[in-house]
Amino acid sequence: MAIRSYRRTGVVELEELARLNMLPPEERLRRGPAAVLECPEMIPCNICVPYCPTRAIGMERLIDLPVVDWERCTGCGMCVAVCPGLAAFVVDLSGEDCDYVTVPHELLPVPRVGEEVILLSRRGERIGRGTVVRAWERNRTYVVTVRVPKGLGTEVRAVWVEK
Ligand code: SF4
Ligand code: SF4
């Protein structure tokens, strides 16, 4: 796979994220939540950097790619809330029989805690169902954490409320 195939497909695949060092080691994700910034293009944006409360995100120049220090990251989700590209996620593989994913959500209806939602992959395909365990809002962007079936933590990138 060409490293920049996302420019053709519009989908950043896991293999490309790994090549760009944007995927936390699985061992880290098994210890608890950590940010995954799916931000492979050199664009003039650094809003996630000053908003990170633990200063876990580094960037030397405005057009550099963000680099996360996953040992400093607490998985708080603030980068998910502020990223204008909806490119920030939090993944937690520490559960024994489930994973947790935190995604940005800017559609109506707003997912509510306890609600069952449809899980969508990074390709927009339905890949299962999950349960909302946390949802908070900042400037009309909702930050939604869902419990998902084990193995889907690195796959789920959006949720859809079926009404
Ligand atoms: S999840 Fe929180 S601590 Fe981790 S990089 Fe994002 S803002 Fe920083
Ligand atoms: S805020 Fe989003 S688009 Fe901007 S640098 Fe951070 S991850 Fe990339």
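The values are calculated or read from the model by the stated rules, or taken from the named source; none is laboratory data. Treat the numbers as computed from the prediction; the structure is a model and nothing was measured. Ideal geometry is used to build each Cβ from the backbone, glycine not excepted, and the neighbour counts take in all protein chains shown. Areas reflect the complete protein model, heavy atoms only, side chains present, ligands, DNA and RNA absent. Shrake-Rupley method; radii C 1.70, N 1.55, O 1.52, S 1.80 Å.
This table checks each residue for (1) assigned to a strand (DSSP E or B); (2) at pLDDT below 95.
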site: Phe89; (1), (2): yes, no
site: Gly95; (1), (2): no, no
site: Tyr100; (1), (2): yes, no
site: Pro104; (1), (2): yes, no
site: Leu108; (1), (2): no, yes
site: Gly114; (1), (2): no, no
site: Leu120; (1), (2): yes, no
site: Arg123; (1), (2): no, yes
site: Glu137; (1), (2): yes, no
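For the stretch 55-65, what are the residues that are open to solvent by 20 Å² or more (accessible area, probe 1.4 Å) and either of a type in the set (Gly, Ala, Ser) or within 12 Å of ligand 2 (Cβ to nearest atom) (or both)? Gly58, Met59, Arg61, Leu62, Ile63, Asp64, Leu65, listed by residue number. Residues in the stretch 66-85 that are open to solvent by 60 Å² or more (accessible area, probe 1.4 Å) and either part of a loop (DSSP other than H, G, I, E, B) or at positive phi (or both): Asp69, Glu71, Arg72, Thr74, Pro84.
In the stretch 16-55, which residue that is part of a helix (DSSP H, G or I) and of a type outside the set (D, E, K, R) is farthest from ligand 1 (Cβ to nearest atom)?
My answer is Ala18.
Taking Glu60 and the conditions (1) touching a residue at least 12 places away in the same chain (Cβ under 8 Å); (2) in a loop (DSSP other than H, G, I, E, B), which numbered condition does it fall short on, given that it satisfies the others? Every condition holds for Glu60 apart from (1).
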